[in-house]
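> Input: one structure, supplied below.
No lab work stands behind these numbers, since they all come straight from the coordinates. Remember, predicted model here, so these are calculated numbers, not experimental data. Counting neighbours? That spans all protein chains shown, and the Cβs are built from the backbone with ideal geometry, glycine included.
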Amino acid sequence: MSGLLRGNSPISKTYADCSGCSLCLLVCPVWRRTCDIELTPHGRSKALQNDVRPADMTISIQSCTLCGACEPVCPERINLTDMVLDLRRTLGPPPGFPTSAPESRAGLQPISSAPLLLRDRALAANPEVLNHTATLLGGVMMAGDDGSDIALALEAGAEISPQRLENFLTSLRRSAKLIVADGLLLRHLARWLPGAPLVSLGEALSGLPEVRNSLRATDLYVIEPRAYHADYQRLVKYYDGLRAARACAFNLDLQRIAIPPSAPNLMQRLGLAPQDNDGQACWILHGRRISRIVVERYEDRTAFENVSDIPVMYLADLTEAGAC
Amino acid sequence: MIPAEPNFHPIPGGLVPCPVGPDSLRGIKRQQTNPSRWDGPDWQQFVAAARERDINVRETTTACGVFATDAGGTAYGLPHGVVIAQSAGQISKLLKVAQEYRVPVTVRGGGLTTEGESVAFGGVLLDMTGMSQVLNVDPDGLTVRTQAGIFWHALAEELRRHDLDYLSAPLNLTSSVGGTLGVGGIDVNSPRLGCSADQAMALQVVTPTGEIVECSDTQNIELFQRVILGYGQFGVITEATLRIRRYTPLRMHYFYYGSLCTAVEDLQMLDRNDASDYSGILTIMDRAVNLLVAFDSVERETEFHKTWQSKLRGHGELAFGLRTLARYAVRPWKYAEAWYLLQRKRELFPEFRRSEYMRDSLMHDRTVVFSRAVWKFWGSRQMVIPDLATSSDKFVEAVERGNAVCRKYFAHYTLYCVGIKVRLEHRPHYEMSCIPPDAEGWAYGCEFEPVMDDGIYSRDTLQSFKNEIYDIGVDLGGSYYRFGGMMKGYIRRIFGDALVDRHLEMKRAADPAMILNRDVIF
Ligand code: SF4
Ligand code: SF4
């Protein structure tokens with residue numbers, strides 16, 4: 001296993017440090033849906049403290065959506081997302097996980113210093129939206145190798161060959177700016193390429209004046225949780241600034257943690273089990289008086305469209321809707 | 001056969017006494033430690049009977065291991081099985097079967113006890129957080145009906161969507177509503193409103209024998225009185241109707257003192273005169289004593305500035321910093337302490353002023369701010385928080401004597417003091433609770449919380465520390481918030497045999513097999 005795939009903090013704390021405070025439960029979408037402490041960081045940490053084997057915690061380990069919400073609230077500063085990823089690697093990918101050779105992507109992209117956009121799966125499946133997004137960002141190149149196979153392997157606990165990883169990173173190293181749509185990949189790139197000019201797609205788009213100025217006070221702005229929680233200390237201030245400037249509502253709870261619009265577990269994310277995620281979107285909308293929903297992540301439109309008639313817009317489409 | 005300690009009162013089907021010798025703590029009488037594990041022979045029949053009634057009893061090591069300890073991290077015990085609460089009906093069936101097979105049922109909400117009160121030493125662990133739904137919000141009548149396993153934070157999240165807030169809750173996000181109502185719950189607005197339990201208007205309770213009963217000050221009054229502040233002895237709270245209010249951010253002010261006594265006197269002066277909406281004391285040892293004062297409205301804040309602020313003897317942050325500097329400048333042998341104070345201030349203060357919670361100098365979501373700080377700066381895998389509760393006139397002495405004990409045992413610690421308005425109409429609820437019987441107007445509570453950092457302390461050291469604090473309570477005729485579990489040896493000393501025996505009789509009548517939270521009080 002590549003050393004790159006291990007935890008990023010030199011003094012990272014582990015499950016052994018869990019005090020059982022339950023703060024992670026308050027933000028965990030899996031807890032909200034199930035009220036089952038076994039499926040939470042608290043439950044996993046306590047089970048591990050009591051020598052439970054990962055194999056006996058498979059359901060719990062697979063249930064995590066990797067939204068990262070639990071990490072900024074953990075007072076013991078345990079790398080809870082890494083903990084799940086480590087446990088998934090211990091278990092190996094679930095049966096049915098595609099085992100195509102990821103090396104085939106190597107060399108897809110010329111090494112360049114231009115800003116690069118690394119799309120996620122949803123954008124890859126919607127070329128028109130992707131092109132529009134890239135045009136709006138101005139002067140960015142689309143990454144030929146977007147690392148989506150690596151992101152998927154990370155999520156599933158599959159092996160990533162050091163060669164494949166190195167090829168991918170080499171293709172990014174010279175870029176002036178990396179705009180990353182996949183929040184999990186962004187989290188890892190921050191540690192694989194320390195000091196690299198990384199930004200989430202949501203932050204890049206919402207930083208554009210034409211997009212920013214199109215936000216209305218009656219909008220609900222839906223932050224992509226994985227990127228937000230991975231860089232929480234900085235981004236909580238960034239979005240607080242956006243709130244102050246545009247007065248719109250956010251999918252933030254009282255702890256200023258982003259409520260994920262959907263909560264697919266591993267099997268659901270891999271398409272191996274049906275989705276049943278309406279509860280999260282309903283909870284975000286509950287009791288709010290808004291006229292429009294603006295999502296950072298293209299894929300999140302569906303979660304809201306399934307449960308409400310309120311118009312939903314992808315952030316990059318805001319400029320077309322016009323400022324208010 | 002291990003001889004029973006003189007103050008050990010066996011109960012039918014009860015546990016053998018603590019096997020640690022009474023002389024194991026030199027000079028200090030051992031009070032109570034982990035009970036022995038219940039190992040009833042009928043567990044498997046019980047599980048079969050429960051499953052026949054559609055109760056899912058989880059027996060895996062994962063399920064049980066999650067609940068091996070509580071927030072205190074000093075009491076360890078494993079249940080035989082875990083039941084996640086789903087409904088009053090399910091709990092009713094569970095308790096009926098448990099009575100039949102004499103299987104102990106330990107109820108757990110947020111698990112924030114420190115003396116093992118929510119740790120199951122065998123039997124069933126009933127995880128109430130499975131019942132976490134808000135059932136009805138009445139914005140006009142300003143009440144909420146909620147399932148009782150809900151964390152106060154989750155309740156606050158729901159209420160805020162209606163621009164509402166709870167009235168009074170512990171400064172801890174992960175306390176559960178039911179658990180709090182069972183023991184009291186103290187907030188910085190308790191000097192005005194009383195404890196969190198005082199905000200309960202009605203409860204749905206499942207009695208130890210499985211009856212589902214609605215109770216309030218007008219319906220099944222006696223059950224209501226016993227369940228509120230009843231330490232889980234007389235029923236499982238499954239739903240609660242609580243008073244709520246419109247949400248307002250806080251206008252916070254801090255005053256700094258070098259003397260505990262002066263700060264406590266000023267706190268009591270403010271409370272007596274209803275000079276603030278929120279008040280409390282939080283300290284760094286006895287060196288930096290912070291009197292926190294806060295307001296819901298600009299009118300109340302203005303009135304405070306006009307009439308009361310000049311009467312306070314505390315200082316602003318800068319003035320206090322200079323005085324502290326001067327003090328340590330002539331005491332070089334205390335530089336380590338000064339360094340600690342400085343470091344602590346540097347880490348702690350910004351946490352209370354994080355920009356995402358402060359807007360236009362108003363603090364939003366105080367519970368979030370305080371709770372995050374509490375866990376970040378005081379939380380660890382081991383926590384002991386002995387406390388003293390007294391009437392107003394005994395409180396300064398209680399705090400000063402408790403402080404001396406803290407100094408003796410720990411390099412660093414924190415005191416948290418707050419007043420609790422004694423609600424005359426709720427006197428019957430207060431019997432055998434943290435509210436001392438001689439409290440008139442206000443009771444005062446002080447928590448003594450060592451900052452353990454990475455230090456390792458034996459259970460006996462921690463127990464000795466708690467005992468020394470609790471002995472002060474006996475001496476002063478006060479009470480405690482945390483008198484259950486490992487501290488239950490103090491119950492007879494503080495409340496007297498007559499009162500405890502009366503409650504024990506009531507418990508025996510209500511819970512014939514003594515199954516519900518059996519190791520907590522009796
Ligand atoms: S990453 Fe998200 S889903 Fe996973 S445990 Fe943390 S909060 Fe829950
Ligand atoms: S927030 Fe961290 S310390 Fe607290 S229970 Fe969760 S994992 Fe444990």
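> Would you work out which of B:G77, B:T248, B:Q343 lies farthest towards the positive end of the dipole of chain B? Charges go on Cβ: Lys and Arg +1, Asp and Glu -1.
B:Q343
> If we sort A:121-132, B:433-444 on the protection proxy, mean other Cβ atoms within 10 Å, highest first, what's the order?
Ranked from most to least packed, the peptides come out as B:433-444, A:121-132.
> Looking at A:A47, A:W283, B:S458, which one has the Cα that reaches farthest to the positive end of the dipole of the protein assembly as shown (charges on Cβ: Lys, Arg +1; Asp, Glu -1)?
Value: B:S458.
> State the antiparallel share, in %, of DSSP beta bridges confined to the protein assembly as shown, rounding to the nearest 5.
Counting only bridges with both partners in the protein assembly as shown, antiparallel ones make up about 70 percent.
> Let's see if you can work this out: charge +1 on each Lys and Arg Cβ, -1 on each Asp and Glu Cβ, no other charges. What is the dipole magnitude of chain A about its Cα centre, in debye to the nearest 20?
Using Cβ point charges on Lys, Arg, Asp and Glu, chain A gives about 680 debye.
> Right, another one. I'd like to compare B:50-61, B:383-394: which one has the highest average count of other Cβ atoms within 10 Å, and what's the full order after that?
Listed from highest to lowest mean packing, they are B:383-394, B:50-61.
> A follow-up question, please. Calculate the FRET efficiency for A:R246 and A:M141 from the Cβ-Cβ distance with a Förster distance of 35 Å, rounded to the nearest 0.05. Intermediate values should be presented prior to the final figure.
Working: r = 30 Å, r/R0 = 0.85.
After rounding to 0.05, the efficiency reads 0.75.
> Take the Cα atoms of chain A, build their convex hull, and give its volume per residue in Å³.
130 Å³
> Angle check, please: helix B:459-476 long axis (alpha carbons) against the longest principal axis of chain B (alpha carbons), in degrees 0 to 90, nearest 10.
Roughly 70 degrees between the two axes.
> Cα-Cα over 22 Å: which of A:K237/B:K376; B:K345/B:K466; B:K345/B:K376; A:K13/B:K345; B:K408/B:K466; B:K306/B:K421?
Pairs exceeding 22 Å: B:K345/B:K466; A:K13/B:K345; B:K306/B:K421.
> How far is helix B:497-510 tilted off the main Cα axis of chain B, in degrees rounded to 10, range 0 to 90?
50 degrees
> Now, a different point. Tell me which of B:S168, B:V206, B:I237 sits at the most positive position along the dipole axis of the protein assembly as shown, charges placed on C-beta atoms (Lys, Arg +1; Asp, Glu -1).
Looking along the dipole axis, the top candidate is B:S168.
> Hey, another quick one. Hey, got the average number of other protein chain Cβ atoms within 10 angstrom for residues in B:58-65?
Mean partner-chain Cβ count within 10 Å for B:58-65: 6.
> Count, for each residue of B:152-158, the Cβ atoms from other chains sitting within 10 Å of its Cβ, then give me the mean as a whole number.
The mean count of partner-chain Cβ atoms within 10 Å per residue comes to 4.
> Let me ask you something else. If packing is taken as the mean number of other Cβ atoms within 10 Å per residue, what is the order of A:151-158, B:495-502, A:47-54, A:218-225, highest first?
Values: A:151-158: 21.9, B:495-502: 14.1, A:47-54: 17.6, A:218-225: 23.9.
Result, highest mean Cβ count within 10 Å first: A:218-225, A:151-158, A:47-54, B:495-502.
> Size of the dipole of chain B about the Cα centre, Lys and Arg at +1 and Asp and Glu at -1 on the beta carbon, nothing else charged, in debye to 20?
It works out to roughly 1160 debye.
> By a straight-distance test (C-alpha under 22 Å), which lysines pair with B:K507 as possible cross-link partners, with residues fewer than eight away in the same chain excluded?
Reachable lysines: B:K93, B:K96, B:K488.
> Rounded to the nearest 500, what is chain A's calculated 222 nm mean residue ellipticity when only DSSP H runs of at least 4 contribute -39500 (n - 2.57) each, over all residues?
Result for chain A, helices only: -11000 deg cm²/dmol.
> Here is a follow-up. How shielded is B:104-110 by partner chains, expressed as the average number of their Cβ atoms within 10 Å of its Cβ atoms?
Other-chain Cβ atoms within 10 Å of each residue's Cβ, averaged: 1.
> All other residues with a Cβ under 9 Å from the Cβ of B:S276 taken together, and with Lys, Arg as +1 and Asp, Glu as -1, what is their net charge?
Net charge in that neighbourhood comes out at -2.
> Additional query: Separation of region B:119-174 and region B:337-381 by C-alpha centroid, Å?
Cα centroid to Cα centroid, the span is 24 Å.
> Output the antiparallel fraction of DSSP beta bridges having both residues in chain A, as a percent to the nearest 5.
Taking every DSSP beta bridge within chain A, about 5 percent pair in antiparallel fashion.
> Can you give the Kirkwood hydrodynamic radius for the protein assembly as shown, in Å, rounded to one decimal and based on Cα pairs?
One over the average 1/r among Cα pairs gives 28.6 Å for the protein assembly as shown.
> Still on this structure, I have one more. Rule-of-thumb check for chain B: C-alpha Rg over 2.2 N^0.38 Å?
Expressed relative to 2.2 N^0.38 Å, the Cα Rg reads 0.96.
> Something else about it: By how many degrees, between 0 and 90 and to the nearest 10, does the Cα long axis of helix B:392-409 differ from the longest principal axis of chain B?
90 degrees
> Starting from the Cα of B:S310, step 7 Å along the direction of its Cβ; do the same at B:R327; then give the gap between the two resulting points in nm.
Each label point lies 7 Å from its Cα, and together they span 2.7 nm.
> Still on this structure: How large is ³J(HN,Hα) for each residue in region A:39-52, as worked out from phi by the Karplus curve 6.51 cos²θ - 1.76 cosθ + 1.60 (θ = phi - 60°), to whole Hz, x for Gly and Pro?
9, 10, x, 4, x, 5, 5, 5, 4, 5, 4, 9, 6, 6
> Hey, what's the Cα Rg ratio for region A:205-319 versus the globular rule of thumb, 2.2 N^0.38 Å? Intermediate results must be reported in sequence, preceding the final value.
Numbers: Rg = 13.9 Å, N = 115, 2.2 N^0.38 = 13.4 Å.
Scaled against compact globular proteins, the figure is 1.04.
> Taking R0 as 41 Å, what FRET efficiency do you get between B:E222 and B:S361 from their Cβ-Cβ distance, rounded to the nearest 0.05?
Working: r = 48 Å, r/R0 = 1.17.
Computed FRET efficiency for B:E222 and B:S361 comes out at 0.30.
> Provide Rg and Dmax in Å for region B:397-512, with only Cα atoms included in the calculation.
Using the Cα atoms of region B:397-512, the pair Rg, Dmax is 15.8, 47 Å.
> Order these by the 10 Å Cβ neighbour count, fewest first: B:K507, B:K93, B:K345.
Ascending Cβ contact count within 10 Å gives the list B:K345, B:K93, B:K507.
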